[in-house]
Every structure is written in structure tokens, then in C-alpha cells.
Amino acid sequence: MVKITIKTDCGNAPKREFLKKFNSAFAKGDVEFLIASVSDEIVWDRVGDKQINGKEEFTAELQNMKSEKTTELILDQILSHGKEGAANGVLKMESGKVYAFADFYCFTSAKGEKIKSITSYLVELKK
């Protein structure tokens, strides 16, 4: 079971609530929710690593990531405005590794809940 801590109050902001669910789904390995939440033309830019293009590549990457289990997700901030959103925090892995992350999202529209692009920054924290 993944421990999830959210330090920010999502209040009455539907996109922030959605991003909370989206990040929680990543931590839990809920591939179905993640795939349903992105557009067919999703572009995931993992800065300094690689770019994933389209839902087929996105799905394959999620399957590859299932081997490294998350034990804890700490969401420090979730922001949203119009068609854009962002989240940052810390991921603790079963392997003992700890990562700080910041993700920036673009949605298909200001009212839509489909993500069309993600830019991810991931830094391993040394003990």
C-alpha cells in the first residue's frame, strides 16, 4: 500500500483535485486511470531522459515503470490555471531511492480533464 501525503489544500478546484488523483494513480501504478486521463496525442517530456509520444508509447512506458514500486508519495504543491497545471513533491521507492519531482501539465482545454502534455523533472535525492 502506498502512503500518500498531500500538503496542499485542493479546496474547490476541480483541476487540482484531478491532478491529485493523477499523481496518486502514478504512485499506485493505476495504469488504467492514467491512460484514460491523457489524450491520444499525449507528449511526455522527461527532461534529460526521453520524450514519449502518443498513447501507445505512454502505455508502454507505464508498463515498464511498474517494476519499481512506490512506497510513499508526498505532494507539496498542486497548482492549476486555465489549461495548465503543475505538481511537485517527493517519491519514495521500495528500492530505498528517493526522488524529488516537478511535473507541468497542459490540458486539451480549460474545462477538459484530458492531459495533452507533461513535462517532468526528476532528481534523485542522495542520503
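The figures follow:
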read-out	value
Candidates per GluC sites (Glu not before Pro) in segment 1-71, loop by DSSP, up to 16 other Cβ within 10 Å	Glu68
Distance (nanometres) between label positions extended 7 Å along Cα→Cβ at Phe33 and Lys50	2.6 nm
Rounded, prolate or oblate (a/c below 1.5 giving rounded, otherwise prolate when a/b exceeds b/c) for the chain by Cα gyration tensor	oblate
The chain, dipole about Cα centre (Lys/Arg Cβ +1, Asp/Glu Cβ -1), debye to the nearest 20	360 debye
Relative contact order (percent, whole number), the chain, Cα cutoff 8 Å, 6+ residue spacing	27 percent
Cα-based shape type of segment 31-99, given that a ≥ b ≥ c are square roots of the gyration tensor eigenvalues and the cut on a/c is 1.5	oblate
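Quick note: the coordinates plus some simple rules give every number you see, no bench work behind them. The model shown is predicted, which means the values in this text are computed figures rather than measured ones. Cβ coordinates were reconstructed from backbone atoms using ideal geometry, including for glycine residues, and neighbour counts include every protein chain displayed.
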